[in-house]
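Peer 1: Below you will find the structure I want to go over with you.
The values are calculated or read from the model by the stated rules, or taken from the named source; none is laboratory data. Predicted model, so just to flag it, every value in this text is computed and none were measured. Virtual Cβ from ideal backbone geometry, glycine too; neighbours counted across all protein chains shown. Areas reflect the complete protein model, heavy atoms only, side chains present, ligands, DNA and RNA absent. Shrake-Rupley method; radii C 1.70, N 1.55, O 1.52, S 1.80 Å.
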Amino acid sequence: MSDTISVNGKQHSLPSDPRTSLLDFLRHDLGLTGTKKGCDHGQCGACTVIINGIRINSCLTLAAMHDGDEVTTIEGLGTPENPSVLQKAFLEHDGFQCGYCTPGQICSATAMLQEIANNWPSDASESLEGEMAATGEEIRERMSGNLCRCGAYANIVAAISEVAEESA
Amino acid sequence: MRPFSYTRARTLDDAAQLTHDDTAVAIAGGTNLLDLMKLQVETPETLADINRIGFGGIEDTDDGGLSIGALASNTETAVHPRVRSDYPVLARAILAGATQQLRNKATTGGNLCQRTRCFYFTNIDQPCNKREPGSGCGAIDGIAKLHAVLGTSDQCIATYPGDMAVALSALDAQVEIATPNGDTRRVPVRDFHCLPGDTPWRENVLEKGELITAVTLPAPVGGTQIYRKVRERSSYAFALVSVAAIIEIEDGKFTRADLAFGGLAHKPWHDPRITDALVGTVPSDEIFDKAADILLEDARGFGENDFKIPLARRTLHAVLQNATEAAA
Ligand SMILES: Cc1cc2nc3c(=O)[nH]c(=O)nc-3n(C[C@H](O)[C@H](O)[C@H](O)COP(=O)(O)OP(=O)(O)OC[C@H]3O[C@@H](n4cnc5c(N)ncnc54)[C@H](O)[C@@H]3O)c2cc1C
Ligand code: SF4
Ligand code: FES
Ligand code: FES
């Protein structure tokens, strides 16, 4: 197949085996191992990437379905020399222990802050309309698709809260 | 995953042609189908990607209702201004399901057609009449915590696991279906899913080659709209029991009581007798109990899921209580 996909601003050809999940394509074919495989069944969020501004689980979609799409992975958000604000906040707040869930947490949180800025409601929102706020309760609900088996949740929420407050 | 060929449909006609074959399956968001393909529960030889055939829009209908395209994502539906203001029970039901990542990919059509979460169905080493007709049902006398208490058969006791369709049932929405010969037929959501009976593999009324193109909502009905989902943790879990309710009280009496229930059966459960029993009466504990008596008249537990019977009673009671307070 001659179709292409943009990953962190670079064009790539899509894989020839249609079975390749977007996650396996990123990790195996492109060597972008920041995106992690936890469950491979949409249950843990370790594989979260951002496609055209929207966060999704890369394990439950086929690379072949993303002709023309723009994917951002953790590698595209920042580098050790030049981390994104959320990457910096996770470091400052110790928002991890083993770090396995962290790329997914940060990709997810990056898109989540935009969702709040768009005033999209969540299950935790008192009202479906009006301005949404990044309260602790909202962050926990909106991030519930990203599990952390080390249980670093308190510091993850602290890191995200700080960035939310700074950008509010 | 078993090998398959992947084809992208460009038009509805294309998609109908491609999925007419017995070994071909349509893929929309893929969040249910790919999960099941990895488990080899689903083994299509051809995948027809329908994401680029159109039908993703959400538009006003002539009679003041709303048409939600089959390929609109669950997020697009839940955040749509009219869904939030006119059909809050639908926005609430969608937001109570899965996670933001999954809702961003999940579509209207895929959500309606999602398969059961029965552990025996998803494990190909286990007996399951739904997956392998005649192999038996592992859940009867097995792990049945998530299973149905209403409308079961001796073949299958699985539940339809979704939230969105429960709200659609309370709203009396219609499913718009394109048939392979180019016609359109409409089926009420209340009649879209089937009970297991002797054909547990048949989950809805879609015939081979038929595709959902949209779901249409009637003109807004107002009232107090509630979606109450009871689950094992407060986020990101399937419903044990859920209640979608559209309630209106005028002059101290129920004038509208449209209710549907999730987690109890192989389909979103709607019982018009409950509406009949409530409308015209003054809200009270006695009348709430009577509604629950009607709902649960033929309920039958299978051991592990016995708790759903009193839980459904209490959840219905709480919803009617909350709606009464909201109307006061
Ligand atoms: C971890 C996890 C948790 C979840 N929790 C919840 C929850 O709490 N509540 C809830 O409601 N759901 C939940 N879900 C299920 C989720 O909502 C469904 O996977 C999703 O809605 C399916 O939509 P899709 O577009 O991805 O469907 P797909 O996977 O693309 O398709 C599913 C089925 O629908 C058919 N189909 C798709 N579109 C059409 C069409 N237009 N016409 C005819 N047939 C069609 C496909 O052929 C396939 O058989 C969860 C899923 C996961 C993985
Ligand atoms: S309940 Fe239905 S889906 Fe589950 S094992 Fe029995 S037949 Fe299969
Ligand atoms: S690896 Fe995709 S959700 Fe777990
Ligand atoms: S830091 Fe170890 S899983 Fe989250």
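Peer 1: Testing the spin-label approximation: label points 7 Å from Cα along Cα→Cβ at A:N118 and A:N8. State their distance in nm.
Peer 2: 2.4 nm
Peer 1: So for the pair A:E165, B:D306, with labels modelled 7 Å out along Cα→Cβ, what separation do we get in nm?
Peer 2: Each label point lies 7 Å from its Cα, and together they span 5.1 nm.
Peer 1: For B:P188, what is the net charge nearby, where nearby means another residue's Cβ is under 14 Å from its Cβ and Lys, Arg count +1, Asp, Glu -1? Don't jump to the answer; show the numbers that get you there.
Peer 2: Values: positive: B:R185, B:R186, B:R190, B:K267; negative: B:D172, B:E176, B:D191, B:D258.
Here the charged neighbours net out to 0.
Peer 1: Sticking with this one: How far apart, in nanometres, would the label points at A:T135 and B:R273 be if each is projected 7 angstrom from Cα along the Cα-to-Cβ direction?
Peer 2: Between A:T135 and B:R273, the label points sit 4.2 nm apart.
Peer 1: Further question: Report the charge-dipole magnitude of segment A:4-77 in Debye, nearest 20, computed about the Cα centre from +1 at each Lys and Arg Cβ and -1 at each Asp and Glu Cβ.
Peer 2: For segment A:4-77, the charge dipole is close to 200 debye.
Peer 1: Kindly report, to the nearest 10 Å², the accessible surface of B:V230 as traced by a 1.4 Å probe over protein heavy atoms only.
Peer 2: For B:V230, solvent-accessible area is about 40 Å².
Peer 1: What 222 nm value per residue comes from the helices of chain B, counting each DSSP H run with n ≥ 4 as -39,500 (n - 2.57) and dividing by all residues, nearest 500 deg cm²/dmol?
Peer 2: Values: 12 runs with 96 residues, N = 328.
About -8000 deg cm²/dmol.
Peer 1: Over chain B, what is the relative contact order in percent, taking alpha-carbon pairs closer than 8 angstrom and at least six residues apart?
Peer 2: Values: 734 pairs, mean separation 56.5, N = 328.
Dividing the mean separation by the residue count of chain B yields 17 percent.
Peer 1: Over segment A:42-106, what number does the Rg to Rh ratio reach, with both radii from the alpha-carbon atoms and Rh per Kirkwood?
Peer 2: That ratio is 1.00, to two decimals.
Peer 1: On the Cα set of segment B:58-136, report Rg and Dmax in Å, please.
Peer 2: 16.7, 51
Peer 1: Pairs of lysines 8 or more apart, or on different chains, with alpha carbons under 21 Å: count those in the protein assembly as shown, would you?
Peer 2: Lysine pairs satisfying the spacing and distance rule in the protein assembly as shown number 20.
Peer 1: What average number of partner chain Cβ atoms lie no more than 10 Å from the Cβ of the residues making up A:20-27?
Peer 2: So the per-residue partner count for this stretch is 1.
Peer 1: Which whole number of Å³ per residue matches the convex hull of the alpha-carbon atoms in segment B:5-46?
Peer 2: 65 Å³
Peer 1: Moving on to the next point. Given the DSSP H assignment, sum -39500 (n - 2.57) over each helix run of at least 4 residues in chain A and divide by its residue total; what's the result at 222 nm in deg cm²/dmol, nearest 500?
Peer 2: Taking each H run of at least 4 residues, the total per residue is -8500 deg cm²/dmol.
Peer 1: Might you work out the accessible area of B:Y236 for me, using a 1.4 Å probe with all protein chains in place, and round it to the nearest 10 Å²?
Peer 2: Approximately 30 Å² for this residue.
Peer 1: Run the dipole for segment A:1-138 about the Cα centre, Lys and Arg Cβ at +1, Asp and Glu Cβ at -1, nothing else charged, and hand back the magnitude in debye, nearest 20.
Peer 2: On the way: 7 positive and 19 negative charges, 110 e Å.
It comes to approximately 520 debye.
Peer 1: Now for a separate question. At a 1.4 Å probe radius, which order do B:S235, A:S167, B:S85 fall into by accessible area, largest first?
Peer 2: So the residues, ranked largest to smallest area, are A:S167, B:S85, B:S235.
Peer 1: Provide B:H20, A:H28, A:H41, A:H66 ordered by accessible surface of protein heavy atoms (probe 1.4 Å), highest first.
Peer 2: Final ranking, largest accessible area leading: A:H28, B:H20, A:H41, A:H66.
Peer 1: Shifting gears a bit: Per residue and in Å³, how big is the convex hull formed by the alpha-carbon atoms of the protein assembly as shown?
Peer 2: Dividing the Cα hull volume of the protein assembly as shown by its residues yields 148 Å³.
Peer 1: Hey, got the average number of other protein chain Cβ atoms within 10 angstrom for residues in A:46-59?
Peer 2: Values: counts 0, 1, 3, 1, 0, 2, 0, 0, 7, 5, 11, 9, 1, 4.
Shielding by partners across A:46-59 averages 3.
Peer 1: Here's something else I'd like to know. Just from the alpha-carbon atoms, what are the Rg and Dmax of chain B in angstroms?
Peer 2: Rg then Dmax for chain B, in Å: 19.6, 63.
Peer 1: On average, how many beta carbons from a partner chain sit within 10 Å of the beta carbon of a residue in A:118-131?
Peer 2: Taking all residues of A:118-131 together, the mean is 4.
Peer 1: Okay, next question. Quick one: P(r) of segment B:261-305 from all Cα-Cα pairs, 5 Å bins, percents rounded to integers, in order of increasing distance.
Peer 2: The percentages, shortest bin first, are 5, 18, 26, 24, 15, 8, 3, 1.
Peer 1: Hey, another quick one. What is the Cα radius of gyration of segment A:17-168 over 2.2 N^0.38 Å, N being its residue count?
Peer 2: With N residues counted in segment A:17-168, Rg over 2.2 N^0.38 Å equals 1.02.
Peer 1: Expressed in nm², what is the orientationally averaged projection area of the convex hull enclosing the Cα positions of segment A:4-77?
Peer 2: Projected over every direction and averaged, the Cα hull of segment A:4-77 covers 4.2 nm².
Peer 1: Right, another one. Of B:D276, B:D62, B:D306, which has the largest mean-square fluctuation in a 10 Å C-alpha GNM of chain B?
Peer 2: Of B:D276, B:D62, B:D306, the Gaussian network model singles out B:D62 as fluctuating most.
Peer 1: At a temperature of 37 °C and a viscosity of 0.692 mPa s, determine how fast segment B:1-104 diffuses translationally according to Stokes-Einstein, using the Kirkwood radius over alpha-carbon pairs as Rh; express D in µm²/s, rounded to the nearest whole number.
Peer 2: 215 µm²/s
Peer 1: For segment A:85-167, compute Rh as the Kirkwood radius over C-alpha pairs and then the Stokes-Einstein diffusion coefficient at 25 °C and 0.890 mPa s; write the answer in µm²/s, rounded to an integer. Walk me through the numbers before you get to the answer.
Peer 2: Details: Rh = 12.7 Å.
This corresponds to a translational diffusion coefficient of 193 µm²/s.
Peer 1: For A:L147, what accessible area in Å² do you get when you roll a 1.4 Å probe over the heavy atoms of the protein chains, rounding to the nearest 10?
Peer 2: 50 Å²
Peer 1: Please express the shape of segment B:231-328 as an equivalent ellipsoid: the semi-axes are the square roots of 5 times the eigenvalues of the C-alpha gyration tensor, given largest first in whole angstrom.
Peer 2: They are 24, 15, 11 Å, listed largest first.
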